[in-house]
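Below you'll find the structure, written out as structure tokens, and then a few comments.
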Amino acid sequence: MLLKQLFTSQTRVKLLTIFLLNDNEEFFIRELTRRLDEQINSVRRELDNLKRIGLLKSRMKNRRKFYVVNKAFPLLTELKSIIVKCTDQNEELTQAILKMGDIDFLLLSGHFIQKDSEIDLFAVGSIDPDELEVFLEKQVQSHRPLRFTILKREDFVYRLKCNDRFVKDILTDKSNLIAHNALQNML
């Protein structure tokens, strides 16, 4: 079973986290052992396992073996979503944002899931946009200003009924992370 092969060791979980949160980067073994604070033999063994099941690819460059995520791996989106959901950073951020207002729905995209997207955060409910902007500037390290959209519940319902392209695209993109959803019966 694939899941049994994926989550059998702490070293593998660390490797999955670093690769899936940085899926466009290449890493070599010694770099990984330093970043993960793990023994080289366990890192090498787990890299071989992840390569064998197809999640990673490798190539030689300057006499070093580099590993990178295989974008064609069939469960890549789902695994990435699991890893993103399990990272403490997004959970703490979500809880802090939920305390800032009456929020029915909160979706993380773009910066938060390491993906190019037209939006980083989408919220439904009542929250002060200026307060949210200041909070994000202080709490989230980003090379660019974060983009967010806040809709009142009525506006969101109206856009759902009108089959609004913006809302539809956000909701149907499986790589986006739904951090809070009190509107399950509407979606």
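Any read-out appearing in this document is the output of simple, stated calculations on the displayed coordinates, not a laboratory observation. Only a predicted model underlies this, so the values are computations on that prediction, with no experimental measurement involved. Heads up, the Cβs are rebuilt from the backbone with ideal geometry, glycines too, and the neighbour counts pull from every protein chain shown.
How much mean residue ellipticity at 222 nm does the chain get from its helices, if each DSSP H run of length 4 or more adds -39500 (n - 2.57) and you divide by all residues, to the nearest 500 deg cm²/dmol?
Here the helix-only value at 222 nm equals -13500 deg cm²/dmol.
Whole percent per 5 Å bin, from 0 to the bin with the longest distance: what is P(r) over all C-alpha pairs of the chain?
With 5 Å bins starting at 0, P(r) equals 1, 7, 15, 17, 16, 13, 11, 9, 6, 3, 1, 0.
For T8 paired with H143, estimate the spin-label separation in nm (one decimal), with each label point 7 Å from Cα along the Cα-to-Cβ line.
Going by the 7 Å Cα→Cβ label model, 3.7 nm.
Could you work out how far helix 10-21 tilts from the main Cα principal axis of the chain, as a 0 to 90 degree angle to the nearest 10?
Around 60 degrees separate the two axes.
Output the Cα-based Rg and Dmax of the stretch 7-106 in Å, rounding Rg to one decimal and Dmax to a whole number.
16.0, 55
Calculate how steeply helix 40-52 sits against the longest principal axis of the alpha-carbon atoms of the chain, using the helix alpha-carbon long axis, and give the answer as 0 to 90 degrees to the nearest 10.
Once rounded, one gets 70 degrees.
Can you say what percent of the DSSP beta bridges in the chain, counting only those with both residues inside, are antiparallel? Round to 5.
So the antiparallel bridges amount to about 80 percent of the total.
Largest first and in whole Å, what are the equivalent-ellipsoid semi-axes of the stretch 71-172 based on the Cα gyration tensor, each being the root of 5 times an eigenvalue?
With the √(5λ) rule applied to the stretch 71-172, the semi-axes are 22, 19, 12 Å.
Pick out, from I97, L121, Y67, the residue whose Cα sits farthest towards the positive end of the charge dipole of the chain, with +1 on the Cβ of Lys and Arg and -1 on the Cβ of Asp and Glu.
Y67
Which angle from 0 to 90°, rounded to the nearest 10, does the C-alpha axis of helix 129-139 make with the longest principal axis of the chain?
Here the helix axis deviates by roughly 20 degrees.
How many percent of DSSP beta bridges within the stretch 87-181 run antiparallel, rounded to 5?
Here the share of antiparallel DSSP bridges comes out near 70 percent.
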